[in-house]
Amino acid sequence: MEEWVRPIGRRTKNPAVVKFLLSAVIQRSLLAPMVWILMTLLDGKCLICAFSMNVNPKYFTGIPNSTSLELMKILAKVSCKEDVVFKNSSYRKAVSRYVRCYSQAIGWSILLIFIFLGAVARIMKPCFNYPTFLQTRYWSNYLDVEQKLFDETCVLHARDFARKCVMQYFESMREDESLRLPLTYAIRPGQFQNVMEEEDDRLHGITRQDQVDQLLENWFECKPELDVTRMAYKPRVCITWEDNEGKALFSDV
């Protein structure tokens, strides 16, 4: 699990949240196998193939008198409907129904046990520390949403970063030229400028590969503290105007 493997940085790990995440993952992973097992038991065909030779032949009529080895071979072929051994005989259906009844009884018993355990857990849940359960559930949902938003932000940043690099490459290969295009309602004068400003906002001043690598490493090792009252620091650009001799005239922030 990613939250358990993550090093302890500026944000400490809560063992209760990790346990809640582990239990949720186990429950979701066991849902499909349990449904498949219950459907198999209620159908009964697998148990007929597996346990038909373990049936006591004394309880059924019409079974031929043979040695124990031959009798086991006959009972093992109960699942084969079109076998020559069961021609004009009714004990095959009796044996298959007998085993299927056991299979369905086991399947319904397991289903009723799960229903009973779920009802008991639902009734007994308010008797325990319910606020702690809500806290662990909230923070587990927070971790999922945080990781999803981080992935989406990484995709936007990577797309804008790649767009900048590709545009710089192609613009460096071009020569100076002047284009005169008719003004239409679809293309406004400040449209391209607004797109470039949105890309710059998403880049957040991280424009080099070493900066991106350091950002991802810091995010993994020490995630930021959970404090929404503190405003995020936004670096400002200071432009200093100089004359021809390199002397600073004034600065604009």
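The values are calculated or read from the model by the stated rules, or taken from the named source; none is laboratory data. Note that the coordinates shown come from a computational prediction; the quantities given were computed from them, not determined experimentally. Note that each Cβ is placed from the backbone with ideal geometry, even for glycine, and that neighbours are counted across all protein chains shown.
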*asked:* If I filter segment 65-116 down to residues being modelled with pLDDT under 75, among the β-branched types (Val, Ile, Thr) and in a helix (DSSP H, G or I), which single residue comes out as nearest to the chain's Cα centre (by Cα)?
replied: Ile74
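Name the residue, out of Ser140, Ser172, that is surrounded by 10 or more Cβ atoms within 10 Å (Cβ to Cβ) and at pLDDT below 85.
Details: Ser172 fails: surrounded by 10 or more Cβ atoms within 10 Å (Cβ to Cβ).
Only one candidate passes the filter, namely Ser140.
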*Matching residues, segment 87-124, being charged (D, E, K, R) and surrounded by 11 or more Cβ atoms within 10 Å (Cβ to Cβ)*: Arg92, Lys93, Arg97, Arg100
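Given Leu149, Leu117, which one is over 16 Å from Leu38 (Cβ atoms) and hydrophobic (A, V, I, L, M, F, W, C)? Talk me through it step by step, then tell me what you get.
Details: Leu117 fails: over 16 Å from Leu38 (Cβ atoms).
That would be Leu149, the only listed residue that is over 16 Å from Leu38 (Cβ atoms) and hydrophobic (A, V, I, L, M, F, W, C).
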*Identify, by number, the condition in (1) among the hydrophobic types (A, V, I, L, M, F, W, C); (2) at pLDDT below 65; (3) surrounded by fewer than 10 Cβ atoms within 10 Å (Cβ to Cβ); (4) farther than 26 Å from Lys13 by Cβ that Ala232 doesn't meet.*
(4)
_Selection status of Ser23, polar (S, T, N, Q) and modelled with pLDDT of 75 or more_ = yes
*Out of the residues in segment 44-64 that are modelled with pLDDT under 75 and of a type in the set (A, V, I, L, M, F, W, C), which is surrounded by the most Cβ atoms within 10 Å (Cβ to Cβ)?*
Ile63
